[in-house]
Structure formats: structure tokens, C-alpha cells
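Student: Here's a structure for you.
The values are calculated or read from the model by the stated rules, or taken from the named source; none is laboratory data. Just so it is clear, the structure is predicted and the values come from calculations on it, not from any experiment. A quick note on method: Cβ atoms are made from the backbone with ideal geometry, for glycine too, and the neighbour counts reach across all protein chains shown.
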Amino acid sequence: MRATLSVVTKEALALPADDQAVLAEKIVRSLVARAPASVKRKQLAEVMRRREAVLTGKAKGVSIAQAVREIEATILRREGIALVK
């Protein structure tokens with residue numbers, strides 16, 4: 001029986017955080033290895049570079065809540081919507 005994306009996702013999210021990190025790295029490495037010419041390999045390499053910077057302490061990550069706030073603010077600015085505080 002072939003596993004569906006939803007089943008695999010559910011099982012992956014049930015893994016301990018360390019195992020999820022290992023799985024995520026394997027998936028990214030697989031994408032880099034199989035990326036077609038239309039995919040910018042530099043973008044995937046940048047993801048790996050940034051990941052390494054965080055893991056080695058050269059860069060500091062932000063919480064998902066902070067990241068979402070920053071993304072929302074960027075989208076609103078691009079659409080010319082004033083932020084209300």
C-alpha cells in the first residue's frame with residue numbers, strides 16, 4: 001500500500017523534535033540533489049547555509065510568532081496597507 005502525503009505528514013509530525021530535524025535535513029538534501037534546472041539550486045543551498053549558521057550559533061533564529069508578524073508586516077507594506085498599532 002502506498003503511503004499518502006497526509007499519512008506521512010501525520011507520522012512525521014508525531015516524531016520527536018530531533019527526529020523531525022533529521023528528516024527535514026534529509027528531505028532538503030534530497031531536493032538539492034534532484035532539483036531540476038528550473039529550481040534555483042542557490043536558494044536551496046542558502047537554506048542549508050542558514051541552517052548551519054543557526055546550528056553553529058553564528059546566527060540566531062526567531063520564534064514562529066515573530067516570523068509570522070514580520071511576514072505579515074512585509075505583505076501589508078507591499079500592498080500599501082498601513083499598519084495599525
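Student: Can you go through A65, A59, A24, A33 and tell me which one is in a helix (DSSP H, G or I) and either more than 21 Å from L5 (Cβ to Cβ) or β-branched (V, I, T) (or both)?
Tutor: When all the criteria are applied, what remains is A65.
Conditions tested, residue by residue: (1) at pLDDT 85 or above; (2) among the aromatic types (F, W, Y); (3) within 12 Å of the chain's Cα centre (by Cα).
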{"site": "S6", "(1), (2), (3)": "yes, no, no"}
{"site": "T9", "(1), (2), (3)": "yes, no, no"}
{"site": "A14", "(1), (2), (3)": "yes, no, no"}
{"site": "D19", "(1), (2), (3)": "yes, no, no"}
{"site": "A24", "(1), (2), (3)": "yes, no, yes"}
{"site": "S30", "(1), (2), (3)": "yes, no, no"}
{"site": "A37", "(1), (2), (3)": "no, no, no"}
{"site": "K40", "(1), (2), (3)": "no, no, no"}
{"site": "L44", "(1), (2), (3)": "no, no, yes"}
